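This report refers to the structure that appears directly beneath it.
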Amino acid sequence: MQPIPQTENQVRLKEPSLGVAQFIRSLSAIIWKDLAAELRSRELLSAMLVFALLVILIFNFSLELDAQARSTVTAGVLWVTFAFAGTLGLNRSMAMEKDRGCLDGLLLAPVDRSAIYFGKAIGNLIFMLIVEVIVLPVYSVLYSVNLFKPGLLLVILLGSIGYVAVGTLLSSMAVQTRTRDVLLPILLFPLVIPVLIAAVKGSTGFLQGAQAVDIRPWINLLIVYDVIFVAVAFMVFDYIVEE
Amino acid sequence: MMITVRKLVKRFGLKPVLRGMDFSVEPGEFVALLGPNGAGKTTFLRILSSLSRPTLGSVSIAGYSLPGQAAAVRRRLGVVSHLPLLYGDLTAEENLRFYALMYNVAHAEKRISAVLDMVGLSSRRRDLVRTFSRGMQQRLAIGRAVLHDPEVMLFDEPHTGLDQDACQMLDTVLREVAARGRTVVMTSHDLTRVADLASRFDVLSRGVITASVQRSQMDPNNLLAFYRQAIVEA
């Protein structure tokens, strides 16, 4: 073992800054760390993906639908799939922080705690979007429905942001409890009902070629929900993670 | 004083864990905080490390009060617990690089190399942490904690789960850490181990400090008797 290097007092922290630069640096570090760890383990993505594909397969075989019925139920099936797979990912993502005490490691860092929230939330959003990008073509083939419509993709993006914004906040709360696996869906699903309803209605509208004026209220609801819950999470995350 | 705690109370619901605790540490002191299970040692360290809010009382570290100036306190603290606080799917140097970014450490790569040398893990720097033994993970955890050169180090039972060889290696690192003039507070159940390391022994029992003695004022062989008496008197 080497003696401790004679660099004490030479080791300098850069000027303490709780400004935008430090916020972005910590946020990027958390996202990079989540992606790098997932690239190695593939624990979270593979679980989400297998689960999502199984759900759409089960729906495909259990619902024998004609072409008309397919366009009606497609949005519902899609969002049930995304919601269930998303919950699995949210639980796993925060459990990985908790199991080895890493959540404490993050909270001990002298950074704005909202950077931790946004870092985790953006990481979760990336994982959810990756799963959606893989699920959509598979769904298109199985159900013979064209899902690659810009409007529908916008709804999926907005719905995923709202889902992850609330989910990341609640998973950081649920992970502190012994019943975290059960607690997260119980807390999350009632709160994301507005997102799911708006996302399903908006998606159905785009799939059935509805008028823009009929779809816009649902898009607006998704945007408002996203803004409100991101703001709420920004304000309360510090209190949620502290004992 | 580097650490000053006055009339500290912590309750979980109606259950009091710390009951008006007073505690202070001079700069450069190495304090071993001893006590039975449930005495409140871990709760106390979590409050010092700003992970938990006190119910009542005042806490200040390096002149900054908690919880009001928590970010300034965190910048001056290094914490090692019985959990490694490391990511198993990242390599040793990736873990340190991540924490260097979080602490905004200047010349991070140079510092990471120096710290890996210090904890004797330079040859394993590109190995995933999940392939490390418990002892190696604990040494890397110390490396993580000293990466930003903190003035105060908190150790929460760092020997937990380590075999004899790993404990000895950890002790060597702990001595090196303390020898640099850092202020150290360490909780432990292992009296024989802390007898060689600490410069002061405090006993925490039922939420208050019941006894305190400088190592220079006591034969380390009498530490067990001192500890038992402090517990009985509580």
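Throughout, read-outs are computed from the coordinates displayed, never taken from laboratory work. None of these values were measured; they are calculated from a predicted model. Here the Cβ is made from the backbone with ideal geometry for all residues, glycine too, and neighbour counts use every protein chain on show.
Each of residue A:153 and residue B:171 was given a label point 7 Å from its Cα along the Cα-to-Cβ line. The distance between the two points is 6.4 nm.
Annotation: the residues A:171, B:60, sorted from fewest to most other C-beta atoms within 10 Å of their own C-beta, follow the order B:60, A:171. Value of Rg to Rh for segment A:30-241, rounded to two decimals, is 0.98; Kirkwood radius and Rg both from alpha-carbon coordinates. For chain B, the fraction of alpha-carbon pairs lying more than 30 Å apart is 24 percent, rounded to a whole number. Each Lys or Arg adds one and each Asp or Glu subtracts one; over the other residues with Cβ under 11 Å from the Cβ of residue B:61, this totals +2.
Since only B:57, A:148, A:78 are under comparison, the one whose Cα sits farthest along the positive direction of the charge dipole of the protein assembly as shown, derived from C-beta charges on Lys, Arg, Asp and Glu, is B:57.
Over chain B, DSSP H runs of length four or greater, each weighted -39,500 (n - 2.57), average out per residue to a 222 nm ellipticity of -10500 deg cm²/dmol. With one equal scatterer per alpha carbon and no solvent term, the Debye-computed log10 I(q)/I(0) for segment B:90-187 at 0.14 1/Å reads -0.48.
Each Cα pair under 8 Å and six or more residues apart adds its sequence gap; the mean of these over the residue count of chain B is a relative contact order of 28 percent.
In whole angstrom, segment A:61-167 maps to an equivalent ellipsoid with semi-axes of 34, 14, 10, each derived as √(5λ) from the alpha carbon gyration tensor and ordered largest first. The residues packed around residue B:22, meaning those with a beta-carbon under 12 Å from its beta-carbon, carry a net charge of +2 if Lys and Arg are +1 and Asp and Glu are -1.
Name the residue from B:118, B:129, B:13 whose Cα lies farthest towards the positive end of the charge dipole of chain B, charges +1 on Cβ of Lys and Arg and -1 on Cβ of Asp and Glu. Positive-most Cα among the choices belongs to B:13.
Evaluated over the Cα positions of the protein assembly as shown, the convex hull gives a direction-averaged projected area, one quarter of its surface, of 24.6 nm². Which of the three applies to segment A:178-243, rounded, prolate or oblate, going by the alpha-carbon gyration tensor with a ≥ b ≥ c and a/c under 1.5 meaning rounded? It is oblate, given that a/c is not under 1.5 and a/b is not larger than b/c. Considering the options A:206, A:102, A:232, tell which one lies farthest towards the positive end of the dipole of chain A, charges being +1 on Lys and Arg and -1 on Asp and Glu at the Cβ, about the Cα centre. Of A:206, A:102, A:232, it is A:206. In a reduced charge model with +1 at each Lys and Arg Cβ and -1 at each Asp and Glu Cβ, chain B shows a dipole moment near 800 debye about its Cα centre. The charge dipole of segment A:30-241, taken about its Cα centre with unit charges on the Cβ atoms of Lys, Arg (+1), Asp and Glu (-1) only, comes to about 100 debye. Amide H to amide H distances under 5 Å link residue B:18 with B:10, where only residues 5 or more positions off or on other chains count and H is placed in the peptide plane.
When its C-alpha radius of gyration is set against 2.2 N^0.38 Å (N residues), segment A:126-230 gives a value of 1.17. Each Lys or Arg adds one and each Asp or Glu subtracts one; over the other residues with Cβ under 12 Å from the Cβ of residue A:50, this totals 0.
Its convex hull of Cα atoms gives segment B:1-105 a direction-averaged projected area, equal to a quarter of the hull surface, of 8.1 nm². Modelled spin-label separation between residue A:235 and residue A:57, with each label point placed 7 Å from Cα along the Cα-to-Cβ direction: 4.5 nm.
Dividing the summed helix terms, -39500 (n - 2.57) for each DSSP H run of n ≥ 4, by the number of residues in chain A produces a 222 nm estimate of -28500 deg cm²/dmol to the nearest 500. Stokes-Einstein, applied to the Kirkwood radius of segment B:29-82 over Cα pairs at a viscosity of 1.567 mPa s and 4 °C, places its translational diffusion at 107 µm² s⁻¹. For segment A:174-223, trypsin sites (Lys or Arg not before Pro) meeting the loop criterion (DSSP other than H, G, I, E, B) and having at most 13 other Cβ atoms within 10 Å: A:178. In a reduced charge model with +1 at each Lys and Arg Cβ and -1 at each Asp and Glu Cβ, segment B:50-115 shows a dipole moment near 320 debye about its Cα centre.
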